[in-house]
Structures are given as C-alpha cells and as structure tokens.
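K.L.:
This is the structure, below, for whatever I ask next.
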Amino acid sequence: MPELVLILLRSIAAFLVLFLMTRIMGKKQISQLTFFDYCVGITIGSIAATMSVDQNVKALNGIISLLIWGLFPISLAYLGMKSHTFSKLTDGRATILIREGKVLEGSMKKNLLNVSELMLLLREKGVFKVSDVEMAILETNGNLSVLLKTDKQPVNAKMLGIQVQQEHSPTILIMDGKVMKQNIEILGYTNEWLLGEIRKQGANKIKDVFLAQIDSNGELYIDLYEE
C-alpha cells in the first residue's frame, strides 16, 4: 500500500477515535483544565500524532493506547465523584493566597508564586489593591477567585433596597434569515406579528434579518445583514 494512502487511513482512524473519546470524556477536557487534565490531553494528542505518521507503531496498538488514555481518566473522574479524598488526590485542592487583605507567604511558596505573578492574577480580576481583597483563592485549574471586602464590592439593587423585575433567558426568533418556528409557538407569537415588528426596524422581509432576539420584557432586538 502506498505510504501516503497508509498515512491517510491511519490519520482517519486516529481522528475517529479522538472524536469518540471527546464525546465520551465530555466538556471537561475543553474547559479550564487541571494539571492532570492538561497532561492527559497532551498525551492523547501525542499518541494520535505518532499513530498517524509513525509506521513503526502498529495502528491497532495506537488505537488501544488511545482508548486506555481516554477511558482511564473517565474512571478516575467517576471515582472522584464517589470519593472527595480521591478527587483531591487527582485534582489537588484550592489554596487560599490572601485572607483579610493579608498575603499568606506560606501558600505563595507552596504554589511557587511570586508577588508579581499574584498581582498579575489580581489585575486580571480588576483588582489593583491587595488591601481591597477579603479572600483570594488559587483554584485547581490555576485561576484566581477573588472576594472583595464588603465596602469595596459594587453596589447593586438589593443593597439600595430597589425592587427590580426578574429577567429570564432571552429567546432567538430569527437566526441567519430563518424563523425559529418552535420558539415563536412557545411564546405565543405569529409570523405576521414578527414580520410587522422587523419592518418597524428597517427590514423588508425575514431574510433581511441576521438575528432577532426577544427578552422576557417583550423587547425585540434586531440585527440586519450588512449591505
């Protein structure tokens, strides 16, 4: 069999197995990763690449290796759901870096963080003064969660004693020039009503609308195709 054809077939096989593993492993592998998840993802990618181009590796061996590296983390995740102790063993635990405006030097050293890196993480959260922080926690995925002191938190309607109407999820009525019939029926609207509303905002027909979305207050947002 020609080498290029063989590479093509092996690559297709690797792609299909990777696609299957992605569906089985769920969204965690494309969300914020822990160090363990990161290592698993890198290893699976390396195995797939090697399987595609290295003919010294048998295709069957590569597929089995991918299945092992894909299913093993799933088993560990299941055990982690059953045992908090086991979950801490695989994913680690969150660490408090700042408490009541005071930096915990011991926690910084344990996580190999210096002050510049800590300030970078704080600035990414919009915080520039350590004294404004009630608590900062370094999560297992490397993100920093920050709780500001009460007097530094943004003012909201509840603090001011103002009653506001609860909003619900907005609904798309038109997407890419096509009416979402099911959404319109659920909300009790008609195509005639929708056409009348979009004409008020400059559209002549449904196909002129790229996106139409209505919120829980009945306000309709229209985005037309650019000329």
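K.L.:
When the residues of region 204-221 are filtered to those that are in a strand (DSSP E or B) and either among the hydroxyl-bearing types (Ser, Thr, Tyr) or touching a Gly at 6+ places or on another chain (Cβ under 8 Å) (or both), which remaining residue is most open to solvent (accessible area, probe 1.4 Å)?
P.N.:
Looking at the filtered set, the residue picked out is Tyr221.
K.L.:
For residues that are open to solvent by 90 Å² or more (accessible area, probe 1.4 Å), assigned to a helix (DSSP H, G or I) and within 14 Å of Ile7 (Cα to Cα), tally how many sit in region 38-59.
P.N.:
The qualifying residues number 1.
K.L.:
Can you tell which of Gly142, Gly177 is open to solvent by less than 90 Å² (accessible area, probe 1.4 Å), modelled with pLDDT under 95, small (Gly, Ala, Ser) and over 30 Å from Asp208 (Cβ atoms)?
P.N.:
Selected residue: Gly142, the only one of Gly142, Gly177 that is open to solvent by less than 90 Å² (accessible area, probe 1.4 Å), modelled with pLDDT under 95, small (Gly, Ala, Ser) and over 30 Å from Asp208 (Cβ atoms).
K.L.:
Check off (1) within 29 Å of Tyr38 (Cα to Cα); (2) modelled with pLDDT of 90 or more; (3) exposed (fewer than 14 other Cβ atoms within 10 Å of the Cβ) for Lys149 and give me the number that stays unchecked.
P.N.:
(1)
K.L.:
What pairs can you find where one residue is in region 155-184 and among the acidic types (Asp, Glu), the other is surrounded by 14 or more Cβ atoms within 10 Å (Cβ to Cβ), and their Cβ atoms are less than 7 Å apart, with a gap of 6+ or different chains?
P.N.:
Asp176/Phe210
K.L.:
For region 84-99, name all the residues that are without any contact (Cβ under 8 Å) to a residue 24 or more places away in the chain and surrounded by 12 or more Cβ atoms within 10 Å (Cβ to Cβ).
P.N.:
If the condition is that a residue be without any contact (Cβ under 8 Å) to a residue 24 or more places away in the chain and surrounded by 12 or more Cβ atoms within 10 Å (Cβ to Cβ), then Phe86, Ser87, Lys88, Leu89 are the ones that fit.
K.L.:
Does at least one position in region 66-77 carry a residue that is more than 30 Å from Glu139 (Cα to Cα), open to solvent by less than 80 Å² (accessible area, probe 1.4 Å) and at pLDDT 80 or above?
P.N.:
Residues of region 66-77 that are more than 30 Å from Glu139 (Cα to Cα), as a first pass: none.
No, there is no match, as no residue in region 66-77 is more than 30 Å from Glu139 (Cα to Cα), open to solvent by less than 80 Å² (accessible area, probe 1.4 Å) and at pLDDT 80 or above.
K.L.:
Please give the number of the condition Arg199 fails out of (1) open to solvent by 90 Å² or more (accessible area, probe 1.4 Å); (2) of a type outside the set (A, V, I, L, M, F, W, C); (3) assigned to a loop (DSSP other than H, G, I, E, B).
P.N.:
Going through the list (1) open to solvent by 90 Å² or more (accessible area, probe 1.4 Å); (2) of a type outside the set (A, V, I, L, M, F, W, C); (3) assigned to a loop (DSSP other than H, G, I, E, B), Arg199 breaks only (3).
The values are calculated or read from the model by the stated rules, or taken from the named source; none is laboratory data. All values derive from a computational prediction rather than experimental measurement. Neighbour counts are summed over all protein chains in view; Cβ atoms, including those assigned to glycine, are modelled from backbone coordinates with ideal geometry. Surface accessibility is based on the protein's heavy atoms, side chains included, excluding ligands, DNA and RNA. Shrake-Rupley method; radii C 1.70, N 1.55, O 1.52, S 1.80 Å.
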